[in-house]
Amino acid sequence: YVAAVYEHEAVLSPNPAALVERGAALALMAANLDVYEQQVAAAAGQGAQIIVFPEDGIHGFNFTRRSIYPYLDLFLPAHSVEWNPCRQPRLFNDTEVLQRLSCMALKNKIFLVANLGTKQPCEHVDPHCPSDGRYQFNTNVVFDDAGTLVATYRKHNLYFEDAFDAPPEADYVLFDTPFAGKFGVFTCFDILFFEPAVNLVRQYKVKQVVYPTAWMNQLPLLSAVEFQQAFATAFNINVLAANIHHPALGMTGSGIYTPVKSFIYHNMQSSGGKLIVAEIPVITPDYKTSLYHSYSMFTSTSMDGQVCYKEGQEVPCRVSQSEESSPSFYAEMMYDNFTFVPVQEDKGELQVCANTLCCYVRYQRAAPTRELYALGAFDGLHTVHGTYYVQACALVKCGGPRFSSCGQEVTDATAVMDFQLWANLSTPYVFPLLLTSGVTLDFADHMGWKNDHYFISKNGTSSGLLTAALYGRWYEKD
């Protein structure tokens, strides 16, 4: 099927905390909806059957609970109402944004996914009802190609969003399409948590996901395109991800992802939006990619000794003497205290441990470079900008020649590498990250589980290696 995502540079309120009338709020949102209208037509003109817009793209961000109120449309759960806002505009008050989106979908005969703010009155007999008598939700809406509202999803894992309430229960939202079957829906920060994102994909066997986001990139492990790709790869699904475009805030990175190929946009230099249109295979539940279960390249390790595969025969492995005594050191990466060992030679094998997690790498540079790399491990509760338990094993390019620079944000590298990275992760939820120079994506040759270790291997990165990592999320320990 043909999918489209649009990375949108939103027209923002100059003073989001100011209180304005509904008319002024609608005027600002109309400026963004005008852009949406052009992009929907452009995508449909290229044959797209579905288009996804980013989180916060219509109203912007940094509002207070009171100041966002005039920007909110009425919340109408799609499963409880049969409604086509374009054809029945007078059915409900305060639905001007929904009407415009519905008309775009109808006019262009395309499924449309967008994010907006919504409000829902509540009674004080409801124990969850906020003191001002209304819920305010960060909401994704989906319209079918006739303009009918077919899905509404309320963001569950809010990221410092004072203007919004999390719904009392997580929404599990699916919608059906004639071209690719069922799609799942969630938003931005949700992707890092079990509820509802992982559970939705697992329990409902969803193979396509639409994902509006307003993601601030954080290298080396959580840039938008890197994690969007990892999610698609980890669950063997397609992900249609639309991010907002505000490079000054570190926000860019959208794409259409399959488990083995990506169509991405990451641009920290220029302004303006970007439409991505791509034809991708429909993933069915029995779809298998060639990445999985091909272990011939893998070095397997068990706790009682190491075994390597070399040309089909198992031989004992040794961590080479030259680097066995490499000093480990600590450095902060992603606000976490990683244990690192330096990668100083042109080839070798290393290991590093933290708590119960042990990471191993075997690597070879294609040509000698002066760049310092390090192998790092972290096994603990991440507590900055959200609280969640991470087991991470990462081979990263350091910011400079000093050990203390390891873990810094780096966007360029020249060292092309072969590597095999493996670790004894305690969680089945492992997101394989592979990022190359210029914040571009690469694909592993092989990955998967063997002997209680997860591995990823690559013969020759497509350009200089920035990050190769196994990012494990141990949800039970959050």
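The values are calculated or read from the model by the stated rules, or taken from the named source; none is laboratory data. Just so we're clear, the structure is a prediction, and the values are computed from it rather than from any experiment. Reconstructed Cβ throughout: ideal geometry from the backbone, glycine too, with neighbour counts over all protein chains shown. Only protein heavy atoms, including side chains, enter the accessible area calculation; ligands, DNA and RNA are left aside. Shrake-Rupley method; radii C 1.70, N 1.55, O 1.52, S 1.80 Å.
Only protein atoms count toward the accessible area here, which uses a 1.4 Å probe; on segment 1-108, the carbon and sulfur part of that area reaches 53 percent. Shown is the FRET efficiency for Gln344 and Glu476, computed with R0 = 30 Å from the Cβ-Cβ distance and rounded to the nearest 0.05: 0.20. Along its principal axes, the chain has C-alpha extents of 76, 44, 41 angstrom, given from the largest down.
Computed log10 I(q)/I(0) for segment 47-129 at 0.26 Å⁻¹: -1.39, from the Debye equation with unit scatterers placed on every C-alpha and solvent omitted. Spin-label pair Thr411-Arg65: with each label point 7 Å from Cα along the Cα-Cβ axis, the two points sit 3.8 nm from one another. Per-residue ellipticity at 222 nm from helix content only, as computed over the chain with -39500 (n - 2.57) for each DSSP H run of at least four residues, stands at -3500 deg cm²/dmol.
What a 1.4 Å probe finds exposed on segment 327-477 is 47% carbon and sulfur by accessible area, rounded to a whole percent. Think of a 1.4 Å ball rolled over the protein heavy atoms: segment 326-478 then has 37 Å² of accessible area per residue. Of all DSSP-defined beta bridges confined to segment 2-286, some 65% are antiparallel rather than parallel. Excluding ligands, DNA and RNA, the accessible surface per residue across segment 61-209 is 42 Å² with a 1.4 Å probe. Largest first and in whole Å, the equivalent-ellipsoid semi-axes of segment 2-286 read 26, 21, 20, each the square root of five times a Cα gyration tensor eigenvalue. Lysines within cross-link reach of Lys119: Cα-Cα under 20 Å, excluding same-chain residues under 8 positions apart? By straight Cα distance, Lys119 reaches Lys155.
In terms of distances greater than 18 angstrom between alpha carbons, the cross-link table entries Lys109/Lys205; Lys109/Lys207; Lys347/Lys397; Lys397/Lys477 yield Lys109/Lys205; Lys109/Lys207; Lys397/Lys477.
By the rule of a C-alpha distance below 12 Å, with chain neighbours fewer than 8 residues away ignored, the aspartates and glutamates paired with Lys274 are Glu7, Glu9.
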